[in-house]
Amino acid sequence: MITVPIVAGFLVTLVHINTLALLNSFTEFVGLILIFMLRFKPANAVSKSIKFTEGMAESFKYVFKNRNLSTLFLTSSVINFLGQSLTVGLPIIIVTQLGYSSAHLGTMESILGVALLLTYITLNFFNMKNNLKKLSVLSKLILIVSLSLSHHQTFL
């Protein structure tokens, strides 16, 4: 699963963007059909019946009472929001606004996948509790390297 963005980036360089959009729509449709075909066995456990909204409210109360869970929840939400905006917005910006080809889009998506992988691997080596200054310096270093590589890639 880690290499999927990298492989997808290279796939975009080989196949036209319209074909990929059609393929994506087809696979989403097949996935929807397969989800509707799922059949679940009834549960044997007896539980008290509560409304969905009450259960959600109770779970949010529990998450926000625990500081670690609330920090993890909020951080994950922000990262997911920013990551999805890159996933959705990057093809639109590169192809329509900047006028680059699908090969450039594939290269940028591959670079994004590699950057995410390298960031994940790098962060596994650091204890973030006591080394926030080192983590800040490391993130700035990664930003400088990635910007210089993308600037270099633009002029190739």
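What follows draws every value from the coordinates through simple rules; no lab data is involved. Since the structure is predicted, the reported quantities are computational estimates derived from the model, not experimental observations. A quick note on method: Cβ atoms are made from the backbone with ideal geometry, for glycine too, and the neighbour counts reach across all protein chains shown.
Annotation: lysines with alpha-carbon distance below 24 angstrom to K51 (same-chain offsets under eight excluded): K41, K61, K65. With kT/(6 pi eta Rh) evaluated at 10 °C and eta = 1.306 mPa s, and Rh the Kirkwood radius from Cα pairs, segment 77-118 diffuses with a coefficient of 147 µm²/s according to Stokes-Einstein. Electrostatic bookkeeping for T119 treats Lys and Arg as +1 and Asp and Glu as -1; over the other residues with beta carbon under 15 Å from its beta carbon, the sum is +2. If you sort the three axes of the alpha carbon gyration tensor as a ≥ b ≥ c, you get a/c of 1.5 or more for segment 8-120 and a/b no higher than b/c, which makes it oblate.
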